[in-house]
Structure formats: C-alpha cells, structure tokens
1. Heavy-atom accessible area per residue, segment 70-127, 1.4 Å probe: how many Å²?
2. Using a 1.4 Å probe, how large is the accessible area of Val83, given in Å² and rounded to the nearest 10?
3. When the accessible area of segment 49-115 is split by element with a 1.4 Å probe, what percent falls to carbon and sulfur?
4. In nanometres, what is the gap between the two model label sites at Gln118 and Leu62, each 7 Å from Cα along Cα-to-Cβ?
Amino acid sequence: MDPRREAERAQFSTAEGGDELWSGEYGKGWNRLSITRKSGAPPLKPDDLMLPSGLGNLRMLLSCTGMGLLSTCLYVWVPAMLVNFFVPIGGMVLVAVLAGAFITFTVSLYLWGTIETQRDRELGLRL
C-alpha cells in the first residue's frame, strides 16, 4: 500500500470514525477521475505504428481520379476561363489542356500516394 494514498484517505474520513466522507474503494468517490501513471513504456510493436493499408490499388486510383478531377476544375479550368475572356482559346485546345491536366494530376497523385505508402511501410518495419 502507498503511504501517501493512505494519508490522503485519512484526511477525508469523518471525525467519528464511521463512514468515510469521500473515500471507499479505489476508483470511487473523488478519486474516480484522477489520472494515474503506470510505470514502464507501453508495449508497442512495429505493427502498431503502421497506417491502415486497406485502400488497395483500385480504391487509391479511384480516390486519385476524384482528386485529379477536382484539382483540374479548380487549378486549370477556372484560370483557363479567366484567360479566355481576354485571349480567345479554341474549344479543342481547351479540352486538350483540361484532359492533359486531369491525367497529369491523377497519375502524379497516384504515384505520390504509392511512394508515401511504401515509405511508411519501410519506416514501420524499421521501428
């Protein structure tokens, strides 16, 4: 038993020695929300540090396709429309620029995600 804890319990007991005011079993009363610190480090394994790798190739490609579409609309289509107000751009040129940007964004996001996933797996194995 911890002498400090026993001294704290004795402070909160009633003078008559009957019922204790706030004490009782550990974890009840005022001690219920106290934070205790266990000794020793938690048992971590390299698998605990791994990010979930449940995306898979097809799901990652679909996610990158969606982000590529959104990025193309935001970063290419909107500026192209603003440029089109001042300099006329042909329809086929605009479609080719948008398609090229979409493919570029999708492939680059997929490659970047695959490389980062591989780095995370290697880091998890090293730790």
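The values are calculated or read from the model by the stated rules, or taken from the named source; none is laboratory data. For clarity, every value in this text was computed on a predicted model and none was experimentally measured. Note that each Cβ is placed from the backbone with ideal geometry, even for glycine, and that neighbours are counted across all protein chains shown. Areas reflect the complete protein model, heavy atoms only, side chains present, ligands, DNA and RNA absent. Shrake-Rupley method; radii C 1.70, N 1.55, O 1.52, S 1.80 Å.
1. On the way: 4440 Å² over 58 residues.
Roughly 77 Å² per residue, with all protein chains present.
2. 70
3. Answer for segment 49-115 is 82 percent, counting heavy atoms of protein chains only.
4. Placing both labels 7 Å beyond Cα along the Cβ direction yields 2.5 nm.
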